[in-house]
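What follows is a single structure, written as structure tokens, with notes after it.
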Amino acid sequence: MRLVVLGGPGAGRGTQCELLRRQFGMIWISTGDILRKAIAAKDSDGDCQTELGRQTHQYVEQGELVPDELMIQFMRQRLLQPDVAKGWLLDGYPRTAFQAEELDFLLDEVKQQLDQAIYLEVPDDVLMQRSTARGRFDDQPESVQRRIELFRECTQPMLEYYELRDRLLRIDGNQSIEQVQQEILKRLGVIV
Ligand code: AMP
């Protein structure tokens, strides 16, 4: 199965992906987690050890989007690795219409298809509350505010891309973890 999970900061993507991963043994690729890890790996001078960390830390710290070219190139390399040939769960990618198109080109190239894009719908005030309660380095209120803005500006319009292709499952993400999970499983046709 190949699934994309979409939603603003604090929408519950990580929590729901962890549950899906456990249930189906899927490989979960979270671009946010990969970037945060790359950025946190510092040498003794406090500089990022990896090229990825060096290229992206300013964007992530400020809640800005990492440029499309960089993300597309990174995901291309990741999705061509043999461990993900049978399926994946993408969390936080794609995030712009350009990334969504490029993902489809890549899938065409390797003769694979996306099954569904799952959108966790959550109002802005709840996104803000949940994110600031986590206290990660990129969860400072100004940065979260910017991430919410960018979500509405750049990611929300991309939902249409999946809707037009009949691939979008809109899920009310403003419910308990269990209720959201049940709704996802029902809409995927895994439970009745
Ligand atoms: P997330 O944990 O998915 O909310 O991502 C954390 C941060 O990583 C975002 O605020 C962006 O700075 C960066 N990021 C993650 N995924 C992407 C992406 N697909 N495109 C651009 N930037 C991204």
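Worth a mention:
- Solvent exposure, largest accessible area first (probe 1.4 Å, DNA, RNA and ligands not counted), of Phe105, Phe74, Phe98: Phe105, Phe98, Phe74
- Neighbours of Glu102 by Cβ distance under 9 Å: Lys/Arg scored +1, Asp/Glu scored -1, total -2.
- Assuming charge only on the beta carbon of Lys and Arg (+1) and of Asp and Glu (-1), the dipole of the chain about its Cα centre is about 680 debye to the nearest 20.
- Aspartates and glutamates whose Cα lies under 13 Å from that of Lys37, excluding same-chain neighbours fewer than 8 positions away: Glu51, Glu61, Asp138
- Applying 0.36 nm per residue to the separation of Asp83 and Arg136 and subtracting their alpha-carbon distance, the gain on full extension is 16.2 nm.
- Lysines whose Cα lies under 20 Å from that of Lys111, excluding same-chain neighbours fewer than 8 positions away: Lys86
- Rounded, prolate or oblate (a/c below 1.5 giving rounded, otherwise prolate when a/b exceeds b/c) for region 143-192 by Cα gyration tensor: oblate
- Dipole magnitude for region 82-192: computed about the Cα centre from +1 point charges on Lys and Arg Cβ and -1 point charges on Asp and Glu Cβ, it is near 280 debye.
- Within the listed set Val60, Val126, Val144, the Gaussian network model of the chain (springs between alpha-carbon atoms below 10 Å) gives the highest mean-square fluctuation for Val126.
- Classification of region 84-192 by its C-alpha gyration tensor yields an oblate form. The axis ratio a/c (a ≥ b ≥ c) is 1.5 or more, and b/c is at least a/b.
- Tensor-based shape of region 10-99 (alpha-carbon gyration tensor, a/c under 1.5 rounded, otherwise prolate or oblate): prolate
- Overall Cα dimensions of the chain, principal axis frame, Å, largest first: 54, 40, 30
- Part-to-part distance (alpha-carbon centres) for region 1-77 and region 99-127, which is given in Å: 15 Å
- Relative contact order computed over the chain (Cα-Cα under 8 Å; 6+ residues apart), in percent: 32 percent
- Mean-square fluctuations from a GNM of the chain, with a 10 angstrom spring cutoff on Cα atoms, peak among Gln73, Gln16, Gln181 at Gln73.
- Residue order for Asp108, Asp172 - accessible surface, 1.4 angstrom probe, largest first: Asp108, Asp172
- Ordering Asp139, Asp125 by accessible surface, largest first, gives Asp125, Asp139; the 1.4 Å probe counts only protein heavy atoms, with every chain in place.
- Residue with peak Gaussian network fluctuation, the chain [Cα springs, cutoff 10 Å], from Arg78, Arg13, Arg167: Arg78
The values are calculated or read from the model by the stated rules, or taken from the named source; none is laboratory data. Since the structure is predicted, the reported quantities are computational estimates derived from the model, not experimental observations. Virtual Cβ from ideal backbone geometry, glycine too; neighbours counted across all protein chains shown. What goes into the accessible areas is simple: the full protein's heavy atoms, side chains included, and nothing from ligands, DNA or RNA. Shrake-Rupley method; radii C 1.70, N 1.55, O 1.52, S 1.80 Å.
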